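Comments concern the structure below.
The values are calculated or read from the model by the stated rules, or taken from the named source; none is laboratory data. Since the model is a prediction, treat every value here as computed from it, not as a measurement. Positions of Cβ are generated from backbone atoms using ideal geometry, with glycine treated the same way; all protein chains shown enter the neighbour counts. Side chains included, ligands, DNA and RNA excluded: accessible areas come from the protein's heavy atoms. Shrake-Rupley method; radii C 1.70, N 1.55, O 1.52, S 1.80 Å.
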Amino acid sequence: MRDDDPRDRPMVVAICAFRCENVLKHVSHNLAQLSGDEYFVLLDRPASPEAEKVAAEVRAAGGTMRIIGATRGLSASRNEVLAEWPEHHVMFADDDVRLDKAAVTAVRESLRAGAHMAGVRLRRPPCRLPWYFTPGQFHLVGWHRDEGEIKIWGACMAVDTAFAHAHGLRFDLKLSRTGKSLQSGEDTTFIKLMRRAGGREALLPEHSVVHDVDRGRLRLRYLLRRAYWQGRTEAGRNETVPGLRKEWNRHRTAGWPLACLYGAATAAGAVHGLLLRLRRSRTPISSQHRPDQM
């Protein structure tokens, strides 16, 4: 192997976090699932006594943590990780994911065997689901269905950063979730670019981790907002028609009433996204880059 071969180095498990309480909730469990891997938390928020306390607890548990000092969004955090470990295997996980030792091992082994990207099943925690939330809406909160095929999603995905750097790939800041927006798609867009560059994909549906999302995300109001932002995402990455078709095929498994409800929210987001793109395209370049705005 080359001296800089990622297979010679520990895999980095990178938690790009925003909520301090989620980091503390899962750090002990997650560290117990590792076997020689590095555990790194990047906190996407301003420094504070609470954040410093969390950092101290992560370090005491055996991980490392850095506080960015401002909120810049998920894509910016992931790009920071890519820059910090340019010749490594990195497994990104959300701050509300509970890892599983067998899943982490399977991901590590698949990358060392030559895969450039890998993903496992994102399983739901034990909870009662409301009537308006069916498997057709699982993707809105980052859950795969209990059976069947999976796709690589950002809540738990691994990449060969050397391959990404060799092809100049980064996470799209325009698709990043920041502040109150529920923008998404930076993860699947990145994986699509990896695939187009010739990257080998390892899908591991027989292995899973628990995506322990906040139960507030199961409220109808949140789910409709999330569906709306999914439409904005599809328009933002110039995939409006195939994106709407994909979302409709998911929602229609819930039956016509719910399919129409979620489909309308998604379509509204897509139309709004298209109008925003049209307005930006008609804005004169001079007014977008006036010297007094630089």
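Considering each residue of the range 115-157, count those that are among the charged types (D, E, K, R), part of a loop (DSSP other than H, G, I, E, B) and under 20 Å from Ala102 (Cα atoms), and give that number.
6
Mind listing whichever residues of the range 98-119 are closer than 19 Å to Trp143 by Cβ, surrounded by 22 or more Cβ atoms within 10 Å (Cβ to Cβ) and under 16 Å from the mean Cα position of the chain (by Cα)?
Leu99, Ala118, Gly119
Would you mind listing the strands (runs of 3 or more DSSP E) fully within the range 1-67 where at least 3 residues are closer than 19 Å to Leu99 by Cα?
12-17, 38-43
Would you tally the residues in the range 128-148 being touching an Asp or Glu at 6+ places or on another chain (Cβ under 9 Å) and open to solvent by 50 Å² or more (accessible area, probe 1.4 Å)?
The number of residues fulfilling the criteria is 1.
More than 25 Å from Arg280 (Cα to Cα), open to solvent by less than 40 Å² (accessible area, probe 1.4 Å) and in contact with a Pro (Cβ under 6 Å, 6 or more places away or on another chain) - does that describe any residue in the range 165-185?
no
Just to confirm my filter: which helices (runs of 4 or more DSSP H) fall fully inside the range 158-242 and include at least 1 residues that are among the basic types (Lys, Arg) and closer than 20 Å to Phe133 by Cβ?
The qualifying helices (runs of 4 or more DSSP H) are 220-236.
For the range 160-177, check the following and say yes or no: at least one residue is at pLDDT below 95 and among the hydroxyl-bearing types (Ser, Thr, Tyr).
For the range 160-177, residues at pLDDT below 95 and among the hydroxyl-bearing types (Ser, Thr, Tyr): present.
Please verify whether Leu82 is aliphatic (A, V, I, L, M) and within 20 Å of Phe190 (Cα to Cα), treating the condition exactly as stated.
Yes; evaluated as a whole, the condition is true for this residue.
Go through the range 238-253 and count every residue that is of a type outside the set (Val, Ile, Thr) and surrounded by fewer than 18 Cβ atoms within 10 Å (Cβ to Cβ).
8
Could you please find all residues in the range 266-281 being open to solvent by 20 Å² or more (accessible area, probe 1.4 Å) and not charged (D, E, K, R)?
Answer for the range 266-281, where residues must be open to solvent by 20 Å² or more (accessible area, probe 1.4 Å) and not charged (D, E, K, R): Ala267, Ala268, Val271, His272, Leu274, Leu275, Leu276, Leu278, Ser281.
Given the conditions (1) surrounded by 15 or more Cβ atoms within 10 Å (Cβ to Cβ); (2) closer than 28 Å to Gln33 by Cβ, and given that Glu206 satisfies all but one, which numbered condition is not satisfied?
The number of the failed condition is (1).
Return the residues of the range 64-79 that are touching a helix residue (DSSP H, G or I) at 6+ places or on another chain (Cβ under 9 Å), open to solvent by less than 30 Å² (accessible area, probe 1.4 Å) and touching a residue at least 60 places away in the same chain (Cβ under 8 Å); say none if nothing qualifies.
Answer for the range 64-79, where residues must be touching a helix residue (DSSP H, G or I) at 6+ places or on another chain (Cβ under 9 Å), open to solvent by less than 30 Å² (accessible area, probe 1.4 Å) and touching a residue at least 60 places away in the same chain (Cβ under 8 Å): Gly73, Ser75, Ala76, Arg78, Asn79.
Mind checking which residues of the range 68-100 are more than 27 Å from Leu182 (Cα to Cα) and in a helix (DSSP H, G or I)?
none
From the list Ala235, Ala267, which one is at pLDDT below 95, more than 18 Å from the chain's Cα centre (by Cα) and farther than 17 Å from Lys151 by Cβ?
Result: Ala235 is the single residue among Ala235, Ala267 that is at pLDDT below 95, more than 18 Å from the chain's Cα centre (by Cα) and farther than 17 Å from Lys151 by Cβ.
It is to be established whether one or more residues within the range 224-244 are among the hydroxyl-bearing types (Ser, Thr, Tyr), within 29 Å of Phe18 (Cβ to Cβ) and out of contact with any Asp or Glu (no Cβ under 7 Å at 6 or more places or on another chain).
Yes, the range 224-244 has at least one match.
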